[in-house]
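**Q** Below are the structure tokens for one structure; questions will follow.
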Amino acid sequence: MEVTELLNRIVVFAPHPDDDILCCGGTIIEKLKKGFDVSIIYLTDGRNALYNLGVYTNPSPIELKEIRRKEAIKGANLLGVKTENLYFLDVEDTKLNYDPNLINIIRDLLNSIKPQEIYLPSTEDATSDHKNANLIVMSTLKMIKLETKLYLYIIFPKYARLDYSFKLLHRIFDKRYIENNISDHLSQKYFSLLQHKSQIMILNPKQRQPVISALTLQRLLNNTESFICLDER
Ligand SMILES: [Zn+2]
């Protein structure tokens, strides 16, 4: 019994609340159905998403932080992840940097969860918080002994228009590239993402567009989730 329990743990690193669903919502649903235990570690609180679009009040960054935490819990619960498996490290977004204290917290979490699979952003992602999330998690992994597979994901490629060609090249030439067909779970993934209203809807008239544009949503919500798979140790 204990052996099964030991074999079935996954950790997803989300630089911002909603990245968990965008990168691998369908995969999370599938893994949960197979009996895996899924934990999500949200590195930043995402408070500046609207501030960056010129919205300074209604909601303020501090209000948005609370809104986004609630959205993250609802979204993850709809995927099937238990609230007790959600960890909010509350770094201010756009300020995710190498920080020994943060690394210690992540090290302790990974040491207690001991996951067999870790999902984290690739350095090829164009967003600085995503790239830095990779560096922080990889630095932490160097400090601990974990036998785990790493699944690197890209949510915002440097050249979004070339995303399809980029994936095609990986599919042909990169043996580490895997594509997971999530068509059975796409609608559930979509409903989970709908909980992140602050990101996909206009909350304040000062916004000309939602944080995540309809075009980006269209690109991100499709039948496959792709990863570069690395064996760690
Ligand atoms: Zn993000």
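**Q** For segment 91-122, enumerate the residues that are within 14 Å of the ligand (Cβ to nearest atom) and of a type outside the set (Phe, Trp, Tyr).
**A** If the condition is that a residue be within 14 Å of the ligand (Cβ to nearest atom) and of a type outside the set (Phe, Trp, Tyr), then VAL91, GLU92, ASP93, THR94, LYS95, LEU96, LEU120, PRO121, SER122 are the ones that fit.
**Q** Sticking with this structure for a sec: Of all the helices (runs of 4 or more DSSP H) wholly in segment 120-233, which have at least 1 residues that are surrounded by fewer than 19 Cβ atoms within 10 Å (Cβ to Cβ) and in contact with a Gly (Cβ under 9 Å, 6 or more places away or on another chain)?
**A** It comes to 186-194.
**Q** Yes or no: ILE113 of a type in the set (A, V, I, L, M, F, W, C) and either closer than 21 Å to ASP37 by Cα or touching a residue at least 12 places away in the same chain (Cβ under 8 Å) (or both)?
**A** Criteria met by ILE113.
**Q** For segment 96-116, name all the residues that are assigned to a loop (DSSP other than H, G, I, E, B) and surrounded by 13 or more Cβ atoms within 10 Å (Cβ to Cβ).
**A** LEU96, ASP99, LYS114, PRO115, GLN116
**Q** Name the pairs: first residue in segment 201-221 and over 21 Å from ILE67 (Cα atoms), second residue among the basic types (Lys, Arg), Cβ to Cβ under 9 Å, at least 6 apart or on different chains?
**A** Once the first residue is over 21 Å from ILE67 (Cα atoms) and sits in segment 201-221, its partners that are among the basic types (Lys, Arg) give LEU221/LYS189.
**Q** Within segment 5-52, can you find the residues that are more than 25 Å from GLU179 (Cβ to Cβ), modelled with pLDDT under 95 and not hydrophobic (A, V, I, L, M, F, W, C)?
**A** GLU5, TYR51, ASN52
The values are calculated or read from the model by the stated rules, or taken from the named source; none is laboratory data. Quantities reported herein were computed from a predicted structural model and do not represent experimental measurements. Quick reminder, even Gly has a Cβ in these numbers, built from the backbone with ideal geometry, and neighbours come from all protein chains shown.
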